[in-house]
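Working notes, beginning with the structure itself.
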There are 2 protein chains.
Amino acid sequence: MNKKKSETPIYTPTECKKFILPVRDVIDIIGGKWRLPIIIALSFKIHRFKELERQIEGITPRMLSKELKELEINGLINREVFNTMPVSVEYSLTDYGKSLDKVIETMRDWGLTHRNKIRNE
Amino acid sequence: MNKKKSETPIYTPTECKKFILPVRDVIDIIGGKWRLPIIIALSFKIHRFKELERQIEGITPRMLSKELKELEINGLINREVFNTMPVSVEYSLTDYGKSLDKVIETMRDWGLTHRNKIRNE
DNA sequence: CACTATACTATACTAAAGGATACTGGTATA
DNA sequence: TATACCAGTATCCTTTAGTATAGTATAGTG
C-alpha cells in the first residue's frame with residue numbers, strides 16, 4: 001500500500017472547480033456573440049424587431065430571432081405582440097434581465113480600459 | 001418633400017451602439033466556453049498543463065492548448081518552460097489577466113444568485 | 001522490460017454557431 | 001401597378017467549437 005508519495009501537492013482540489021461552476025452557468029445564459037448586445041440595447045429602451053436589427057450592427061434577422069427566443073425562454077426578456085396593422089412586436093427586459101446591469105457595467109469598464117491600453121502601447 | 005412622418009421616434013440612435021462596442025471587445029477576448037474557467041483557475045494559483053486539465057472539467061488537451069495560446073497572444077497569461085526532466089510548463093496570469101477579477105466576481109455573484117433563483121421556484 | 005507521467009501536437013472527424021440570401025402576407029404608399 | 005415596411009421563416013452554406021484517438025520524447029518506477 002502507500003503507493004503515493006507524501007509530497008503530493010496539498011491544496012484543496014475542489015475549491016477552484018467550485019468557483020468555476022457559477023461562472024459557467026452565466027456563460028451558458030449570456031454567452032455567445034449576440035446576447036449581451038441585445039440585452040444592452042433593451043436596457044436603453046423597449047425595442048421592436050427592426051429597431052434591434054438596426055441597433056445591433058451585423059446581426060441577421062435569423063440570428064436576432066433565434067437569440068430573442070432563447071432569451072425569452074431563459075426569462076431575460078419579454079415579448080409583447082400588438083395587433084396593429086401591420087403587427088408590431090415589442091421586446092423589453094424582465095427584472096431578471098435588468099439584474100444583469102452590474103455584470104454589463106463591469107465588462108464595459110474593463111473593455112474601455114482595454115481599448116485605452118491598446119491605444120497607449 | 002416632407003416624406004417622413006413627424007412622429008418618427010426621436011432618440012439618439014448612436015448612443016446605444018456606442019455602449020455595445022466595448023462589451024463586444026470583451027466578448028472577443030474572454031468569450032467562449034473555456035477562457036474564463038482557465039483564467040479563474042490561474043487566479044487561484046500558477047498551474048501546470050495537466051493541473052489545468054484536471055481543474056477544468058470536460059476540457060480536452062487540444063482545446064486547452066488552443067485556448068492557452070490565444071490567451072497568451074492576448075497578453076492575459078504567461079507561459080514559462082522549465083527544462084526539468086521531463087519538461088514542466090507553468091501558466092500564470094499577467095497583471096492584465098488579473099485585472100479581470102472584478103468582471104469574474106460580478107459574473108460569479110450573478111451566477112450564484114441565478115442558481116438560488118432556480119432552486120426557489 | 002513494461003508502464004507511467006509530462007506537455008503537449010497531429011489528424012480526422014462531428015456538432016454547433018453563425019452568415020447569406022430569398023421569401024411570406026398584409027398594409028400602406030408612390 | 002409597383003414598391004416598401006414589418007416581423008419574421010426557410011434554405012443553404014461556411015466557419016468555429018469541440019471530440020476522439022493516437023503519437024512525440026524523455027525519464028523514472030516496479
Residue in region B:99-111 that is under 30 Å from A:Arg54 (Cβ atoms), among the β-branched types (Val, Ile, Thr) and more than 13 Å from DNA strand C (Cβ to nearest atom) present: yes
Counted residues, region A:32-55 - those being at the interface with chain B (Cβ under 7 Å from one of its Cβ atoms) and either under 16 Å from B:Arg24 (Cβ atoms) or of a type outside the set (D, E, K, R) (or both): 7
Selected residue (criterion: farthest from DNA strand C (Cβ to nearest atom)) from residues of region B:56-71 that are more than 10 Å from chain A (Cβ to nearest Cβ) and among the β-branched types (Val, Ile, Thr): B:Ile59
Residue in region A:76-94 that is out of contact with any Ser or Thr (no Cβ under 8 Å at 6 or more places or on another chain), at pLDDT 95 or above, away from DNA strand D (no atom under 11 Å from the Cβ) and closer than 19 Å to B:Gly111 by Cβ present: yes
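Need at least 3 residues that are without any contact (Cβ under 8 Å) to a residue 24 or more places away in the chain per element, so show me which helices (runs of 4 or more DSSP H) inside region A:25-121 make the cut, counting only ones lying wholly within it.
A:35-44, A:49-55, A:61-73, A:101-119
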Of all residues making up region B:90-116, the number that are of a type in the set (D, E, K, R) and touching a strand residue (DSSP E or B) at 6+ places or on another chain (Cβ under 7 Å): 1
Of residues in region B:72-108 being open to solvent by less than 50 Å² (accessible area, probe 1.4 Å) and more than 14 Å from chain A (Cβ to nearest Cβ), the one nearest to B:His47 (Cα to Cα): B:Ser92
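The values are calculated or read from the model by the stated rules, or taken from the named source; none is laboratory data. Quantities reported herein were computed from a predicted structural model and do not represent experimental measurements. Note that we place each Cβ from the backbone using ideal geometry, even for glycine, and neighbour counts take in every protein chain shown. With ligands, DNA and RNA removed, areas are computed over all heavy atoms of the protein, side chains included. Shrake-Rupley method; radii C 1.70, N 1.55, O 1.52, S 1.80 Å.
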